[in-house]
Amino acid sequence: MGWCARINDGGMPNATNSPYSTDPKTTPVTVLGLGAMGQALAGALLKSGHPTTIWNRSAGKGDDLVARGATRAASAAAAVRAGEVVLVCVVDYDASQAILEPLAADLSGRVLVNVTSDSPERARAAAEWAAAHEIAYLDGAVMIPTVMVGTPEALLFYSGDEAAYRKHEELLKSLGGQSAYVGADHGLAAVYDLSMLDFFWTSMAGLVHGYALAAKDGVPASSIAPFLQSHFSLLAMLIGETAKDVDRGVYPGEEGNLAMELEGVEHILHAAERRGLDVSVLRGVRDVAKRAVDLGHGADSWTATVEGIRKPGA
Ligand SMILES: NC(=O)c1ccc[n+]([C@@H]2O[C@H](COP(=O)([O-])OP(=O)(O)OC[C@H]3O[C@@H](n4cnc5c(N)ncnc54)[C@H](OP(=O)(O)O)[C@@H]3O)[C@@H](O)[C@H]2O)c1
């Protein structure tokens with residue numbers, strides 16, 4: 001254990017009987033869960049000057065944090081009692097529930113921020129539990145890898161108790177400069193998370209598939225990559241326009257229509273099939289576009305595929 005390791009016995013007064021410092025930098029914070037992400041979050045909090053208490057289910061994690069000044073708590077309950085703000089970051093909500101449920105009395109009067117990834121439904125259920133125990137609750141989603149935590153570019157979403165968010169905004173922004181509060185419904189951080197990761201993983205599926213297709217004709221991925229960079233800037237330009245069209249339900253197709261684009265997808269699909277590649281992702285793309293065409297959107301833009309997505313049985 002490092003030179004400044006301390007064991008906390010939970011002796012700190014709780015939020016109801018102690019006037020915590022109003023200096024946001026000195027707000028005591030607790031991090032429950034020291035996986036890769038929990039450690040990164042605790043590291044960023046330490047760096048920004050917050051007295052930071054840490055706890056993990058299994059021993060042997062967080063030595064580096066202790067060496068940097070974190071306090072290792074002897075139990076989850078002691079850890080909670082040491083923080084005005086309690087962050088939990090574990091594998092999923094089954095795990096966070098297992099940790100938090102026995103700690104309801106200790107958490108009462110504190111701000112609980114759960115940045116564990118899970119569904120909007122689980123976030124809302126956790127919020128109901130927190131409200132029943134008078135725990136100010138924020139649900140969060142971490143949208144960046146561990147190496148970006150604490151940087152000005154890092155994005156985390158928060159939803160739920162707005163007063164708690166505003167009070168601790170500076171602390172929460174020390175985890176990521178782009179952090180955003182997205183609404184009072186506790187499920188919203190997870191909704192934003194799901195939507196963005198839906199985009200991310202389907203894009204990654206296309207990226208890897210495109211590389212596999214080129215490789216079949218002897219073209220290495222690294223030869224395609226520079227061109228994909230400029231292609232990607234096209235996609236970046238389309239994000240805002242597509243959003244407007246989806247929200248309006250209007251899909252102007254004068255510059256390129258879905259019937260023509262569907263033909264393009266069929267060509268790629270057949271080329272990939274001829275080369276013996278898996279085409280299940282492309283088939284899904286083709287099927288959804290074809291359904292939108294069958295629903296009457298052939299003259300609209302690609303964005304009209306949203307109608308095919310919304311009517312899977314059509
Ligand atoms: N890593 C990333 O790049 C990244 C990026 C964005 C979001 N996230 C999200 O951050 C969360 C944590 O990810 P991670 O990368 O830190 O995961 P990880 O390295 O696999 O760590 C998992 C953590 O969950 C704890 N845990 C698992 N089951 C538990 C249980 N039943 N009771 C108590 N604790 C339990 C583990 O404790 P033990 O050490 O005792 O097993 C450990 O602290 C996930 O929801 C993930 O989706 C991660």
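The values are calculated or read from the model by the stated rules, or taken from the named source; none is laboratory data. All figures in this text were calculated on a predicted structure; none of them were measured in a lab. Positions of Cβ are generated from backbone atoms using ideal geometry, with glycine treated the same way; all protein chains shown enter the neighbour counts.
Residue 20 falls short on exactly one of the conditions (1) at pLDDT 95 or above; (2) over 21 Å from residue 156 (Cβ atoms), and that condition is (1).
For the range 102-114, the candidate set comprises residues that are under 14 Å from residue 127 (Cβ atoms) and within 16 Å of the ligand (Cβ to nearest atom); within that set, the residue that is nearest to the chain's Cα centre (by Cα) is 114. Number of residues in the range 139-173 that are closer than 16 Å to residue 89 by Cα and either part of a strand (DSSP E or B) or of a type outside the set (A, V, I, L, M) (or both) equals 11.
Looking at the structure I just gave you, is residue 122 of a type in the set (Lys, Arg) and either within 12 Å of the ligand (Cβ to nearest atom) or touching a Ser or Thr at 6+ places or on another chain (Cβ under 6 Å) (or both)? Don't jump to the end; show me each part of the working.
On the way: of a type in the set (Lys, Arg): yes; either within 12 Å of the ligand (Cβ to nearest atom) or touching a Ser or Thr at 6+ places or on another chain (Cβ under 6 Å) (or both): yes.
For residue 122, the condition - of a type in the set (Lys, Arg) and either within 12 Å of the ligand (Cβ to nearest atom) or touching a Ser or Thr at 6+ places or on another chain (Cβ under 6 Å) (or both) - is met.
Here is the figure for the range 137-147: residues that are crowded, with 18+ Cβ neighbours inside 10 Å and either out of contact with any helix residue (DSSP H, G or I) (no Cβ under 8 Å at 6 or more places or on another chain) or over 18 Å from residue 180 (Cα atoms) (or both) total 1.
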